[in-house]
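The values are calculated or read from the model by the stated rules, or taken from the named source; none is laboratory data. Every value quoted in this text rests on a predicted model; they were computed, and no experiment measured them. Neighbour counts run over all protein chains shown; Cβ positions are idealised from the backbone, glycine included. All accessible areas refer to the heavy atoms of the entire protein, side chains included, with ligands and DNA or RNA removed. Shrake-Rupley method; radii C 1.70, N 1.55, O 1.52, S 1.80 Å.
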Amino acid sequence: RARAGGSAPQVATALAAIGQPSAVVSRLGRDGSAVKLLQLLEAPELGGLCIPLCSASDSLPTGNAIVPVYENGRGCFFDSGANREFSIEDILSALWRLKNVACIHIGYPHLLPLCRGPQLASLLPRLNVLTSLDLNGVPIDAFLGDGIIDAPAAVTDIIHANADEARILLRPLLPSSPEETTLSDLASLLQQHTNSALAAVTDGVNGAALAVTPDIERIAVSKLPDEWIAETARVAAYAIPPDTQPNANGAGDAFCAGLISAVLLRLDGDSSITLDLVGRLATLSAYMRVASLPPRLLTDWLNDLRFAQQKATQHKRGGFWNVGGNPDSSVDTTHSLPPELPFSA
């Protein structure tokens, strides 16, 4: 099955799958890859929720990534192609064309020569929206302090990295065996040393960890709710249905989509959404991508999580549970949550 590839298209299509409208702002070549990508972004199953706002380069091809999968992991060979011309002006032009923008998410921020480091850091605080960076494909020689990653991260609301990428960036701070560092510690260290408002680190079947800044001044200038200050969350991944062939391509992007959408629900006024719920909704979004499930609103997953919490609370209080008796009749229980996978610290 063909999917729109690349960080922004993967996040946008995952947002569409959970009912969140979005737009893809990018530069493409004038080639067959661009035509195919635009067709995938406008596919009927996305319900018109994904708007391509892509400009064309006259001299460079559409970006391309080749991801070989090995027995002990995977690699990535990447050419940003026309996105070498992607600039701050592209973002500002898209914002001028769009209305009611709630969040801007940028993938591969360190690989965009005209839209990274100090240039990007000077732009993000002025946008007055939720901001998110995904540190996809951090090169092995990357480090915090080079001004490319840490400058924009320090003024960003949300950053995401997988465990391997976080270990690369934090390697001077980790013990001689970096694998011994827990996922929760990786998230906390990444938050601390990037000064982002929230850091999320994912690790496949080992789930995800989230950490919010303990700095009252830092959270005050972010879009995150003040009551999340210094909070952390450790959430499990979900087991895909039996006899389902997993497809982890874009799982991290789908996690980001769920994370962004869940935070936006909280910012829209649902004060019951905790950091733990945000993490769980993000992993459910990733679960949908890995299991190749059809679209389902994030709010439906949220209802399932709330129903499960009510059920657990009922048991904890020692009451009996009537299967036909939902304590909240507004909760949709037509879906049941998939089983959680066990995880290490």
Expected sort for 243-250, 13-20, 2-9, 60-67 on mean C-beta neighbours within 10 Å, highest first, is 13-20, 2-9, 60-67, 243-250
Result for the chain: accessible area per residue, probe 1.4 angstrom, in square angstrom, of 48 Å²
Scan of the chain for chymotrypsin sites (Phe, Trp or Tyr not before Pro) in DSSP loops with at most 13 other beta-carbon atoms within 10 Å gives a longest site-free stretch of 1-319
With all protein chains in place and a 1.4 Å probe, Ser271 shows an accessible area in Å² (nearest 10) of 90 Å²
Note on segment 148-274: alpha-carbon gyration tensor, axes a ≥ b ≥ c; rule is a/c under 1.5 for rounded, else prolate if a/b larger than b/c, else oblate; result oblate
Expected vector for segment 77-82, Karplus 3J(HN,Hα) from phi with 6.51, -1.76, 1.60 and θ = phi - 60°, integer Hz, x for Gly and Pro, equals 10, 10, 10, 6, x, 5
With +1 on the Cβ of every Lys and Arg and -1 on the Cβ of every Asp and Glu, the dipole magnitude of the chain about its Cα centre, in debye rounded to the nearest 20, is 520 debye
CD proxy, 222 nm, the chain: helix-only mean residue ellipticity via -39,500 (n - 2.57) per DSSP H run with n ≥ 4, per residue, nearest 500, stands at -10500 deg cm²/dmol
Of Val138, Val35, ordered by accessible area with the largest first and a 1.4 Å probe, the sequence is Val35, Val138
On the formula 1/(1 + (r/R0)^6), with r taken between the Cβ atoms of Leu98 and Glu180 and R0 of 41 Å, the FRET efficiency rounded to 0.05 is 0.35
In the chain the accessible area split gives carbon plus sulfur, as whole percent at 1.4 Å, a share of 53 percent
What the Cα atoms of segment 211-316 span along the principal axes, largest first and in whole Å, is 49, 37, 23
In terms of the alpha carbon gyration tensor, root eigenvalues a ≥ b ≥ c, rounded if a/c is under 1.5 and otherwise prolate when a/b exceeds b/c or oblate, segment 1-149 is rounded
Rounded to 0.05, the calculated FRET efficiency for the beta carbons of Phe77 and Ser271 at R₀ = 51 Å is 0.65
Using alpha carbon centers only, segment 223-292 is separated from segment 1-75 by a whole-angstrom value of 21 Å
To the nearest 20 debye, segment 56-160 has a Cα-centred charge dipole, built from +1 on Lys and Arg Cβ and -1 on Asp and Glu Cβ, of 340 debye
Most packed first (mean Cβ within 10 Å per residue), the peptides 118-126, 272-280 order as 272-280, 118-126
Applying the gyration tensor rule to the Cα atoms of segment 6-54 (axes a ≥ b ≥ c; rounded if a/c under 1.5, else prolate if a/b exceeds b/c, else oblate), the class is prolate
Sorted list, accessible surface of protein heavy atoms, 1.4 Å probe, largest first, for Thr131, Thr313 is Thr313, Thr131
The simple spin-label model distance between Gln192 and Leu337, using points 7 Å out along Cα→Cβ, in nm, is 3.0 nm
